[in-house]
Amino acid sequence: MKPQLLKGSLWISGARVTANLLNFVGMLVLARILVPEDFGLVALGTAILVIVTAVTDIPVAEALVQHREPTTDHFHAAWTLGLLRAMLVALVCVVIAHPLARFYEDPRLANVVLALGVYAFLAGLNNPRAIMLTKELIFWQQFMLQVAQKLVGLVVTVTLAIHYQSYWALIIGTVAGQLANTLISYSVLPFRPRLRLKHSQELLSFSIWLTLSKIINTINWNVDQLLIGTFAGKTELGHYAIGNNLASLPTREVSEPLITTLFPAFSRMNDQPERLSAAYQSAQSFLVAIVWPIGIGMALIADPLVRLTMGEKWLPIVVLVQILAPVFAFQSIGNVAQPLAMATGRTASVFRRDLKIFLFRVPIILLGMYYGGFMGVVWARSFTGTVGTIFNLNVVRDITGLSLVDQMRPNTRTLLGSVSMVAAVWLLNASWTTRSDWTGLLMHLLASIAVGFLAYAATVWISWRVMGSPNGPETELIKIAGMLRKVARPAT
């Protein structure tokens, strides 16, 4: 890993860790104040908004990153397209708000959809030049943007929740955070937008496949929430939304910082196939070595974690985290396919992949709801998420020529370490005397984390040495340990 890439990844990681620590603390506080039905109502409105947003999305930011020399007119066109899209989303929210409220037989949903339309409009006004921070691998400003948005949203949400104990705290906090993000984006990178459409066709030609892909993908990943909200109820949807968020949190927050830096990094070597393939394998094995133990570990500590931090009313989410967290971790093995395809201009491959996953996943989710209800959806997601990873690996094979076996082989030691971790924590739990008081839960949680970490690290290290210390995640970690001091020191 190059020092500049490492430094960028550290900035993004720091931003996401800080922002999501705030988000996690806020979720725990709100879980104590609000009821699952509140979260369910907001999750239903959010799922609807996400689908509307995806249908109208124009991912010009990715086009600007992929473009070698974007001009000021490119940014004006990007801002104009974003404004037109934001106005369209807001109008759609106005049109569908009351019909949706009647369909779900909940008048509160109309105001929720209208308020989220304001959030979407503000998001469409963001400074398009901010994406250049990613292209140039400059990330400290992104740190400011992400942390400021989360901090403002958290303060507003928690303050309103304490005073009013209403789901409106979630809505208003979200809007306030987006408003802060929009304003700060112009202070970090000054830009005076103009209503211009020059180069819009050029931006759209790159974005069209990503737009179609996002439509398919968004419907795909939100159909479960719509089904649960329609047939199981908002309390169950609240459990599902929070459980899903908790299960995906560690995997998402560890993987996305690295993936964000990989897109511009891969873009710089898209005309060097052998170098690109080697970079992919290195990045993928490094990502998996970190994400698998964290994601699987979240499943192992779900019970004491939820009991300790959220209380007994949230115990139904424990089984969701135990089932879904390992699946999210496993899926990380194919997460590098997206930046690889975008960097090489193979956006049509991304669309074909997402269409295949959609046609595979949605029928199984529907069958899961029909035959198993709430838990049927959870198990259907587990199955489709595991099998669907193959579609990502096939995209990589088409671009790089690496077979599925070649892509899986560098992760052998990570697999051994993960199995060892599961066995060690299982043995600990089998011999642990359960105590429901705060001290007992905390000791159980800390012991599980310590035992799991030591088992994983020891197994990976021993197997790496037995195999002759080949190049892999272990050597990358050793290099990073040496780079960290250089990155931390200012250049002379």
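The values are calculated or read from the model by the stated rules, or taken from the named source; none is laboratory data. All values reported here derive from a predicted model rather than from experimental measurement. Every residue, glycine as well, gets a Cβ built from its backbone with ideal geometry; the counts of neighbours run over all protein chains shown. Side chains included, ligands, DNA and RNA excluded: accessible areas come from the protein's heavy atoms. Shrake-Rupley method; radii C 1.70, N 1.55, O 1.52, S 1.80 Å.
The spacing between the range 402-416 and the range 262-341, judged by their C-alpha centroids, is 15 Å.
If R0 is taken as 41 Å, the Cβ-Cβ distance between ARG465 and VAL25 corresponds to a FRET efficiency of 0.55. From the alpha carbon centroid of the range 233-258 to that of the range 449-482 is 28 Å. Taking a ≥ b ≥ c as the square roots of the eigenvalues of the alpha carbon gyration tensor, the range 290-403 is oblate, as a/c is not under 1.5 and a/b does not beat b/c. Carbon and sulfur: what percent of the range 214-348's accessible surface (1.4 Å probe)? Ligands and nucleic acids excluded, carbon and sulfur give 59 percent. Once both labels are positioned 7 Å from their Cα atoms along Cα-to-Cβ, the gap between LEU404 and ALA457 label points is 3.5 nm. For the range 335-492, the fraction of C-alpha pairs more than 29 angstrom apart is 49%.
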